Amino acid sequence: MRNTARWAATLGLTATAVCGPLTGTALAAPPTAPTSLYAPTALVLTVGHGDSASLATPARAVTLTCAPTASGTHPAAASACAELRSVDGDFDALTARSGVQCTKQYDPVVVTVDGVWRGQRVSYERTFANECVKSAYGSSVFMF
């Protein structure tokens, strides 16, 4: 019985010695500050061929982060972010460039956008008649 009591006392003292300092620093640590003053903006844009996102397999996908600086795998991240800021993140407000002439061939291309724009959840889907029409909308946002 004495050995059992000795082992229990030894384990108790060892646990206190090892874990005691860890709890003290955890309690004394200051609260964590926000890592950024900017609302998050991170988007995933995909493009595929088909009438809707549910029927199309994504052919390409890029990431776009606009806050605090433009980055991601989007080939024109800075201009795409500037364009989205100009319409306050409203993808429906992106208009076609003037002077672009496209054929009337119907080969549907669907673009989806999922993520966060200035802290608000975004889910957008749009089907264009063909690749030319898609490229005419939003001079740099959909150019990937």
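Of all the residues in the range 95-138, those that are of a type outside the set (A, V, I, L, M, F, W, C) and assigned to a strand (DSSP E or B) number 11. Of all residues in the range 102-126, exactly one satisfies the criterion of being surrounded by 16 or more Cβ atoms within 10 Å (Cβ to Cβ) and either among the polar types (S, T, N, Q) or modelled with pLDDT under 90 (or both), namely Thr112.
In the set (1) open to solvent by 20 Å² or more (accessible area, probe 1.4 Å); (2) in a loop (DSSP other than H, G, I, E, B); (3) aliphatic (A, V, I, L, M), the condition left unmet by Val141 is number (1). Scan the range 64-76 for residues that are open to solvent by 60 Å² or more (accessible area, probe 1.4 Å) and either in contact with a strand residue (DSSP E or B) (Cβ under 6 Å, 6 or more places away or on another chain) or touching a residue at least 40 places away in the same chain (Cβ under 8 Å) (or both) and jot them down. Thr73, Pro75 - these are the residues of the range 64-76 that are open to solvent by 60 Å² or more (accessible area, probe 1.4 Å) and either in contact with a strand residue (DSSP E or B) (Cβ under 6 Å, 6 or more places away or on another chain) or touching a residue at least 40 places away in the same chain (Cβ under 8 Å) (or both).
The values are calculated or read from the model by the stated rules, or taken from the named source; none is laboratory data. As the structure is a computational prediction, the values presented were derived from the model and not from experiment. All Cβ positions, even for glycine, are placed from backbone atoms using ideal geometry, and neighbour counts span all protein chains on display. Just the protein is used for accessible areas: all its heavy atoms, side chains included, with ligands, DNA and RNA removed. Shrake-Rupley method; radii C 1.70, N 1.55, O 1.52, S 1.80 Å.
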